[in-house]
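> Sharing a structure with you now.
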Amino acid sequence: MRYRHEPDRPDEPILEASAREVNAFRPFLRSYMRRRFPVGLEDPEDAVQMTIIVVHRIVEEGRIRGAYELEPQDVLFAWVIEVAWRIRMNVRRTARWRERVILIGEPEEALVEVPSRASALDERVHARLLLASIADRAAVRSLRALILVAEGATLEELAAELGAEAAEVVQRLRGALKR
């Protein structure tokens, strides 16, 4: 690992490192990712590998600049941390987005098919459990609306039960499902 002098920018040398030198950060990255990754989001080893690949690509492209008063290892270490942090945040952001779109572990059909009052008891129980998992994040005033939906109530029935206009009921349901 060394600096390559750049005549155009004499105070900002380009860092050069081999793939082996970049890969030497793998044990540290494994530890870092295990500590920082929320359980069940994604395999931390995949994030480690992605970090190594991205850092190696950045080094190969000559995009890491250092300073002669800094050790090349310290500059590369700072970049490894930065790339790992960004990958971790991207994974978390993607996971949060997926949670909003489809609840983890639930088939899409469960979210599309709303059981009616004539549905079998086990379907209504399943729908209540599904909505209870959503309700953990929903406001209390929206919880009743979610339960009524699980029981197969129409929009008019929801509005009458909650003592609200139909538009307000729709807004409450949307808000509850966004959370």
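The values are calculated or read from the model by the stated rules, or taken from the named source; none is laboratory data. Predicted, not measured: the structure shown is a model, and the values here were computed from it. Because the Cβ atoms are built from the backbone with ideal geometry, glycine has one as well, and the counts that use them run over all protein chains shown.
> Given the condition exposed (fewer than 14 other Cβ atoms within 10 Å of the Cβ), among the β-branched types (V, I, T) and farther than 29 Å from H5 by Cα, answer yes or no: does some residue in the stretch 40-60 qualify?
Checking the stretch 40-60: not a single residue is exposed (fewer than 14 other Cβ atoms within 10 Å of the Cβ), among the β-branched types (V, I, T) and farther than 29 Å from H5 by Cα.
> Test each condition in (1) surrounded by fewer than 17 Cβ atoms within 10 Å (Cβ to Cβ); (2) at pLDDT below 85; (3) hydrophobic (A, V, I, L, M, F, W, C) for W85 and report the one that comes out false.
Only one criterion in (1) surrounded by fewer than 17 Cβ atoms within 10 Å (Cβ to Cβ); (2) at pLDDT below 85; (3) hydrophobic (A, V, I, L, M, F, W, C) is unmet by W85, namely (2).
> Which pairs have Cβ atoms under 6 Å, sit 6 or more apart or on different chains, and link a residue in the stretch 87-98 that is in the same structural domain as V55 (by TED's automatic domain parsing) to one that is modelled with pLDDT of 80 or more and among the hydroxyl-bearing types (S, T, Y)?
What qualifies is I87/T51.
> From the list R20, R34, R63, R4, exactly one residue is within 27 Å of the chain's Cα centre (by Cα) and among the basic types (K, R). Which is it?
R34
> Also, I was wondering about something else. Looking at this structure, is V48 modelled with pLDDT of 90 or more and out of contact with any Gly (no Cβ under 7 Å at 6 or more places or on another chain)?
For V48, the condition - modelled with pLDDT of 90 or more and out of contact with any Gly (no Cβ under 7 Å at 6 or more places or on another chain) - is not met.
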